[in-house]
Structure formats: C-alpha cells, structure tokens
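Quick notes on the structure that follows.
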Amino acid sequence: MRAKLLSLGGIAVAGGVGLMAGAQPWVSFMLDGTHELVPVTGHEINAALSPVAIALVAAALALTIAGPVFRRVLGGLVALLGAGLVALTAGVIAAPLTAVTSTVTELTGISGTAATAAVVWSQLSVWAWVSVVAGVVAALIGLLIVFFGGRWATGGRKYDTGAAAKKRADGGTDRISDWDALSDGDDPTADIR
C-alpha cells in the first residue's frame with residue numbers, strides 16, 4: 001500500500017511541478033537598442049506543456065481506482081507523458097534563442113535568423129530544468145508501475161462485482177453482501193432451508 005501511495009503522490013507532484021514550472025519565465029532576453037528585459041514563460045514557448053502536466057495529474061487520479069491490468073497501461077502512459085515533458089523542454093534548453101523567435105518576431109516584426117540576431121542578451125532560467133526533472137521523475141515512476149503495479153492491493157469488495165463480492169473468505173455471506181444481493185435482485189435467503 002505504501003508503494004502505491006508514494007507512486008500516486010509522486011506522479012501528482014510531478015504533474016503539478018511541471019504545470020507550475022511551465023508558468024514561470026524560462027527565457028529572458030534583451031533586444032538591441034532597448035534596456036527592457038523580456039521574460040517568456042514555458043507555456044508561451046510551448047503550449048503543449050500544460051496539457052501534458054494536467055494529464056499526469058489525471059493519470060494519478062485514475063490509478064487510484066484502476067485494476068491490475070489497467071494500472072500497467074496507465075503506468076506506460078505516465079512514462080510516455082513524462083518523456084514528453086522532457087522532450088518538450090529539451091528543445092528549449094538546447095536552443096533558447098530559437099525557442100523565443102516567435103516572441104522576438106511579435107515585438108520587432110523581424111522574422112527568421114534576423115530575429116535571433118536582434119537579441120543582444122539572453123538567459124535560460126532554472127525552471128526549464130525543473131520541468132525536465134518533473135518529466136524524468138514521472139517517467140521513472142511510470143516504468144515502475146508497469147513492472148510492479150500489478151502487485152498493488154486492490155480496492156476491496158466495495159468495488160467488486162458478481163458472486164465473489166457476495167461471499168466472505170469462509171464461504172458464507174454477511175449483512176452487506178445480503179443487502180447487495182437484494183439490490184441486484186437476488187434473494188440471499190434462497191440457499192438457506
């Protein structure tokens with residue numbers, strides 16, 4: 001149970017941190033002839049960051065009620081989402097000026113390589129690296145769920161259906177199972193005579 005809680009919490013935190021990091025300035029630059037610092041957030045650079053981070057949080061919620069097979073599928077999805085978060089961020093880290101070319105074009109009207117030539121100073125923020133770390137953590141937890149998620153304890157009889165939910169471990173029924181049987185249209189006293 002502890003592994004499940006740590007995994008779910010880790011995925012939710014990774015998604016939240018990825019969302020928060022994307023809202024922060026990633027690249028700041030100054031144009032030629034100005035003394036104004038222009039910050040550009042991660043979401044402005046790549047609008048796909050928000051949906052990926054939100055999908056991570058949603059996957060953590062879905063994992064709370066998923067069965068053993070669906071857990072592994074969701075674990076694979078979490079690993080892919082984490083890798084996607086890393087890939088979306090890696091391009092910015094590799095070429096920060098190229099990532100803000102559209103913002104420079106909006107401000108100056110200059111496009112292409114001339115837009116990056118108009119930038120006299122730029123700085124990459126630590127928030128881009130925070131996004132990478134969140135993606136790596138999510139990907140690793142997703143892989144752990146793929147391999148070990150089937151061993152997690154199930155939700156219990158509250159979520160079971162059919163005859164297995166109506167029988168206790170000793171083969172008898174209990175009051176809750178009797179009420180569930182009545183709700184399903186079965187007579188729990190039919191076997192007693």
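Each reported figure results from applying straightforward, stated rules to the coordinates on display, with no laboratory input. Model, not experiment: these values are computed from the prediction. Counting neighbours? That spans all protein chains shown, and the Cβs are built from the backbone with ideal geometry, glycine included.
Here the residues S183, S122, S111, S131, ranked from fewest to most Cβ neighbours within 10 Å of their Cβ, fall in the order S183, S111, S122, S131. May I ask for the percentage of alpha-carbon pairs in the range 24-101 that lie more than 13 Å from each other? Tail fraction, whole percent: 71. Both radii are taken from the alpha-carbon atoms of the chain; with Rh as the Kirkwood radius, Rg/Rh is 1.29. If you look at the Cα atoms of the range 78-157, you get an Rg and a Dmax of 19.3, 66 Å.
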